[in-house]
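Chemist: Dropping a structure here in structure tokens format, bear with me for questions.
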Amino acid sequence: MKILIDIGHPGHVHYFKNLITELTKDGHEFLIVARDRDVIIRLLEKLNLPYINRGKGSNSKIGKLLYMLKADLQILRVAMKFKPDLFLSFSTPYAAQVSSMLGKPHIALTDTEHEDGILSKFTYPFTEAILTPKSYLNDLGEKHIKFNNVIEGLYLHKDYFEPDPDIKKILGLEKNEEYVVIRFVSWNAHHDVGHAGLDNKAKSDLIKVLEPRFKIFISSEGDLPNEFVPYKIDISPEKMHDVLAEASLFIGESATMASESALLGTQAVYINSLPLMGYLAFEQEAGLLRHFESSNGVVSYVAQIAENNNVKDEAKEKSRMMQQDFISPTKFLNWFISSYPSSMETLINDPNYESRFR
């Protein structure tokens, strides 16, 4: 089978990398089309995954629509040469629309409920199957298939990821030295318009509260103000999951990194005015994540955590309990794609069939 995958975010590389490896071993062929974004390109090249660059995109509404036309035409041209049997993406409109033009199925993954409004216009109508975590809050109709894990399980499941035991050494830390990861986002995504996270005062206050006990590493999508530059983490993007796994605490505006932290046994504090998505609500119920809609209350809450000497061990146990019934989403997706479209009928008739992929 020939499969075209569209990549629009660094996370998408992680979502599909293990699947590509497994299906390639089984004789399937892939064509990756990727947005021109520095981290995406570096990850693909680091993983030795060939790709076709579809350009940088745009942050304005009109620019996004114009880019959609451009990307559709570009993907259409390469797809007509590659002749894929199936399209796969994290609900990108480009893969969905081109698949429809060519009369081929598009399988979409998503875990972001507040994007359903725009996806219902540009992606879902051109999609045959929509796969989400079981915790997904919205009902997407007869195309909707739920699986028992979170999206981040595609690359952080124990069968595929083992944290680097030397990560503290790589970070220049002593073996018993504790550290915290803080993440700022750029707020340029279409679903981020009108929303915000930490204000500058809260960012500064967090440093003051944490620094007496922890080494602080800041990861940021945009340029950092001068006062935060000394804390900027300097590490290859593919090592960030190793960093999160060993951290005592994660604080940030990124939903993905908050969820990754929860899976890896690291307590997460997530600050974002967007409504809490289903998978994050699930992780909050498990005691691994605390959501704040603004900076209000964040510093005092983090101060309490900083006084807990067992915060890391407690988070590891909560994560273990949360995941005890999870399936391996990569194995599940491998079967679903390899057996499609009969796999769709199987799951409609027997939703518990997924339990075979633990």
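The values are calculated or read from the model by the stated rules, or taken from the named source; none is laboratory data. What you are looking at is a predicted structure, and each value in this text was computed from that prediction instead of being measured. Glycine gets a Cβ as well: all are built from the backbone with ideal geometry, and neighbour counts include every protein chain shown.
Chemist: Name the single residue that is nearest to the chain's Cα centre (by Cα) among those in the range 45-62 being part of a helix (DSSP H, G or I) and under 21 Å from residue 93 (Cβ atoms).
Modeler: 61
Chemist: Oh, and also: Checking residue 17 against (1) buried (at least 21 other Cβ atoms within 10 Å of the Cβ); (2) of a type outside the set (Asp, Glu); (3) under 18 Å from the mean Cα position of the chain (by Cα), which single condition isn't satisfied?
Modeler: Of (1) buried (at least 21 other Cβ atoms within 10 Å of the Cβ); (2) of a type outside the set (Asp, Glu); (3) under 18 Å from the mean Cα position of the chain (by Cα), only one is false for residue 17: (1).
Chemist: Check the range 81-92 and report whether any residue there is modelled with pLDDT of 95 or more, crowded, with 17+ Cβ neighbours inside 10 Å, of a type in the set (Val, Ile, Thr) and within 18 Å of residue 151 (Cβ to Cβ).
Modeler: yes
Chemist: Here's a follow-up. Touching a residue at least 12 places away in the same chain (Cβ under 8 Å), farther than 22 Å from residue 131 by Cα and touching a strand residue (DSSP E or B) at 6+ places or on another chain (Cβ under 6 Å) - does that describe any residue in the range 23-30?
Modeler: For the range 23-30, residues touching a residue at least 12 places away in the same chain (Cβ under 8 Å), farther than 22 Å from residue 131 by Cα and touching a strand residue (DSSP E or B) at 6+ places or on another chain (Cβ under 6 Å): absent.
Chemist: Within the range 292-303, identify whether any single residue is part of a loop (DSSP other than H, G, I, E, B), among the β-branched types (Val, Ile, Thr) and either at pLDDT below 95 or within 23 Å of residue 185 (Cα to Cα) (or both), and answer yes or no.
Modeler: no
Chemist: Out of 327, 337, I need the residue that is outside any helix (DSSP H, G or I), under 22 Å from residue 90 (Cα atoms) and hydrophobic (A, V, I, L, M, F, W, C). Which one?
Modeler: Only one candidate qualifies: 327.
Chemist: So residue 40 fits all but one of (1) modelled with pLDDT of 95 or more; (2) β-branched (Val, Ile, Thr); (3) touching a strand residue (DSSP E or B) at 6+ places or on another chain (Cβ under 7 Å); what number is the exception?
Modeler: Of the numbered conditions (1) modelled with pLDDT of 95 or more; (2) β-branched (Val, Ile, Thr); (3) touching a strand residue (DSSP E or B) at 6+ places or on another chain (Cβ under 7 Å), the odd one out for residue 40 is (1).
Chemist: Also, quick follow-up: Test of understanding: among 130, 118, 145, which residue is touching a residue at least 60 places away in the same chain (Cβ under 8 Å), within 30 Å of residue 321 (Cα to Cα) and aliphatic (A, V, I, L, M)?
Modeler: It is 145.
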